[in-house]
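Student: Take a look at this one; I'll ask things after.
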Amino acid sequence: MTDETTKTGPDATAADTSADFAQDAAETVDAAEPSQPDPVELLKAENGELRDRYLRLAAEMDNLRRRTERDVKDAKSYSVASFARDMLSVADNLRRTLDAIPAESRAGGDAGLKTLIEGVEMTERSMLSALERHGVRQLEPIGQKFDPNFHQAMFEVPNPEVPNNTVVQVVQAGFVIGDRVLRPAMVGVAKGGPKIVENAEQGANSPLDEKDA
């Protein structure tokens with residue numbers, strides 16, 4: 001026969017209190033100890049962050065490379081722009097000198113005058129050729145549709161035989177360097193002719209496009 005003794009009174013209350021305290025303490029310890037993160041997940045997160053950093057750095061380096069290439073190209077193409085613009089003034093003076101010589105003087109002039117004219121013409125051609133070797137090209141706007149990006153209209157010429165707004169006269173030659181206008185051509189444009197119709201197939205080519213074609 002088993003002798004079971006049931007505690008009553010103050011001793012029973014003290015035992016229950018001790019048991020509850022022990023249980024609460026155990027739960028508190030369990031709550032205070034967070035679960036350890038998975039090392040594999042940590043490595044995956046770190047790898048993803050490093051990959052994002054690498055991609056951003058690669059994109060920045062690619063942009064820097066392209067920007068540097070563009071700056072170097074522009075420096076090579078346009079570094080002589082100021083010098084070329086000054087040389088155009090010299091070429092203009094040579095052309096004015098040649099234009100100032102009357103036709104009869106050219107035809108009936110003595111050998112010395114003819115030699116001088118030939119020398120000035122040769123100098124002008126050599127200067128323009130040297131400029132062209134450095135990317136400076138002369139515009140040829142005669143017969144083209146007036147383009148305010150490349151031409152500067154000085155006057156209008158009544159001419160019903162050609163389309164309206166067609167360049168029919170050049171007062172001062174224009175030049176480009178690369179794809180930039182170094183100096184617009186001063187021109188006279190036709191007035192009174194039919195309007196130029198631009199369709200989707202033909203369109204309107206720029207002076208640079210027509211020059212390169």
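Student: Taking only C-alpha pairs under 8 Å that are 6+ residues apart, what is the relative contact order of region 137-194 in percent? All intermediate terms of the calculation are to be shown ahead of the outcome.
Tutor: Working: 142 pairs, mean separation 26.0, N = 58.
Contact order relative to length: 45 percent.
Student: Please state the shape class of region 41-134: rounded when a/c is under 1.5, otherwise prolate if a/b exceeds b/c and oblate if not, all from the C-alpha gyration tensor. Don't jump to the answer; show the numbers that get you there.
Tutor: Details: a/c = 9.17, a/b = 7.12, b/c = 1.29.
Prolate.
Student: Could you compute the net charge surrounding Arg95? Neighbours are other residues with a C-beta less than 13 Å from the C-beta of Arg95; K and R count +1, D and E count -1.
Tutor: The answer is -2.
Student: What's the ranking of 61-74, 144-157 by average number of surrounding C-beta atoms within 10 Å, highest first?
Tutor: Working: 61-74: 10.2, 144-157: 15.9.
The packing order, highest mean first, is 144-157, 61-74.
Student: Now for a separate question. At a Förster distance of 41 Å, what's the computed FRET efficiency of Val80 paired with Lys191, Cβ-Cβ distance as r, to 0.05?
Tutor: Numbers: r = 38 Å, r/R0 = 0.92.
Efficiency computed from Cβ-Cβ geometry: 0.65.
Student: Could you pull out every residue, at least 5 positions away or on a different chain, whose amide H is within less than 5 Å of the one on Ala153? Hs are placed 1.01 Å off N in the peptide plane, and Pro or chain starts have none.
Tutor: Under 5 Å from the amide H of Ala153 lie the amide H atoms of Val187, each far enough along the sequence or on another chain.
Student: In addition: Would you mind calculating the gained length between Arg70 and Lys114 on full extension (0.36 nm times residue separation, minus the Cα-Cα distance), in nm to one decimal? Could you put the intermediate results ahead of the total?
Tutor: Values: separation 44, 0.36 × 44 = 15.84 nm, distance 4.80 nm.
The Arg70-Lys114 span can extend by a further 11.0 nm.
Readers should treat all values here as calculations from the given coordinates under stated rules, not as data from a laboratory. All of these numbers come straight from a predicted model, not from anything done at the bench. Virtual Cβ from ideal backbone geometry, glycine too; neighbours counted across all protein chains shown.
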